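Undergrad: What follows is a single structure, and I will ask about it in a moment.
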Amino acid sequence: AKTLAMVWDKPLIAVNHVHAHLQSAMISQEDKLRLPAVAMVVSGGHTSLYECKNALELTLLGSTINDAAGEAFDKVATILGLPYPGGPNIERIAKNGNPKAVNFPRTMLGAESLDFSFSGLKTAVLYHCCGQDMKGQNRCKDMSEQELADIAASFQWSVIDVLVKKTRRAAEKVGAKTILLGGGVACNSALREAMAQMAQNTGRTLLIAPKQYCTDNGVMVASLAYYKYKAGLFADLTLEAKAGSE
């Protein structure tokens, strides 16, 4: 990108990958955005909450301290013997399961915390399938389809319950009028429905990225770059890529 900007004499624009996921929630529905807003990115690598004052001004409110939600989906799918990617496959079998069948933990990290932790939930699923001492074999291969569906549904609901409650907590903290939801896990229909119900119950507008723009895509990057271009926010040739930046 730096080479092309220099050769073609074009402006260079730095785009934060995570922020671009949030921008995808506003594609074709910017007119519905009421500020201030709370924005959640939930994916395989990130589970983060932001206060959004405008399209370009984001303040990190909380993030995962270990496994991201999407990472937990992938790891639990492996435990259950499901193929990669884990998220869609857990969602698929969870549709036939009982989300109350197994009382998996919800880690809230305190009454005021906006951070996330899903490693304990993942471990709880592992213990449920292999035993507390981890000396037994994984029982999943001998389970019925209904048992697997119940575990998947219970795990999925534990994740969703935390995501929705933390988002509501953040919205109340900043007085948000709008909730934005983006990232690969935002494809999950149960999460979308639960967020929609929470937003309706609390009188807030919910903007969710269209499913085709939830995973990594060029449209979200171009959309954020458009706003930065309009604002004249250009980078110079000393710009370096930074992995893992919030």
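The values are calculated or read from the model by the stated rules, or taken from the named source; none is laboratory data. As the structure is a computational prediction, the values presented were derived from the model and not from experiment. We place every Cβ from the backbone using ideal geometry, glycine too, and count neighbours over all the protein chains shown.
Undergrad: With more than 15 Å from A190 (Cβ to Cβ), among the polar types (S, T, N, Q), in contact (Cβ under 8 Å) with a residue 24 or more places away in the chain and touching a Phe, Trp or Tyr at 6+ places or on another chain (Cβ under 9 Å) as the only criterion, which of T107, T78 stands out?
TA: T107
Undergrad: Here's something else I'd like to know. Show me the strands (runs of 3 or more DSSP E) found entirely inside region 26-74 where at least 1 residues are free of Cβ contacts under 8 Å to residues at least 12 places away in the same chain.
TA: 58-63
Undergrad: Looking at region 1-25, which of the residues that are within 23 Å of the chain's Cα centre (by Cα) and in a loop (DSSP other than H, G, I, E, B) is nearest to E71 (Cα to Cα)?
TA: N16
Undergrad: Then there's this: Which of the residues that make up region 173-221 are free of Cβ contacts under 8 Å to residues at least 24 places away in the same chain and more than 13 Å from A37 (Cβ to Cβ)?
TA: R192, E193, A196, Q197, Q200, N201, G203, Q212, G218
Undergrad: Let me ask something additional. Quick check on Y213: is it aromatic (F, W, Y) and surrounded by fewer than 18 Cβ atoms within 10 Å (Cβ to Cβ)?
TA: The answer is no for Y213.
Undergrad: Could I ask something else about it? Is it the case, given these coordinates, that G120 is closer than 13 Å to S158 by Cβ, part of a helix (DSSP H, G or I) and not basic (K, R)?
TA: Spelling it out, G120 is indeed closer than 13 Å to S158 by Cβ, part of a helix (DSSP H, G or I) and not basic (K, R).
Yes/no matrix, rows are residues, columns are (1) under 12 Å from the mean Cα position of the chain (by Cα); (2) buried (at least 23 other Cβ atoms within 10 Å of the Cβ):
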site: E30; (1), (2): no, no
site: L49; (1), (2): yes, yes
site: V76; (1), (2): no, yes
site: P83; (1), (2): no, no
site: K95; (1), (2): no, no
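Undergrad: Taking the criterion of being closer than 22 Å to R192 by Cβ, surrounded by 14 or more Cβ atoms within 10 Å (Cβ to Cβ) and of a type outside the set (S, T, N, Q), would at least one residue in region 131-144 satisfy it?
TA: no
Undergrad: Pick out the one residue from K242, K165 that is among the charged types (D, E, K, R) and at pLDDT below 95.
TA: When all the criteria are applied, what remains is K242.
Undergrad: Could you tell me whether region 189-199 includes any residue that is under 16 Å from the mean Cα position of the chain (by Cα), surrounded by 15 or more Cβ atoms within 10 Å (Cβ to Cβ) and within 13 Å of L22 (Cα to Cα)?
TA: For region 189-199, residues under 16 Å from the mean Cα position of the chain (by Cα), surrounded by 15 or more Cβ atoms within 10 Å (Cβ to Cβ) and within 13 Å of L22 (Cα to Cα): absent.
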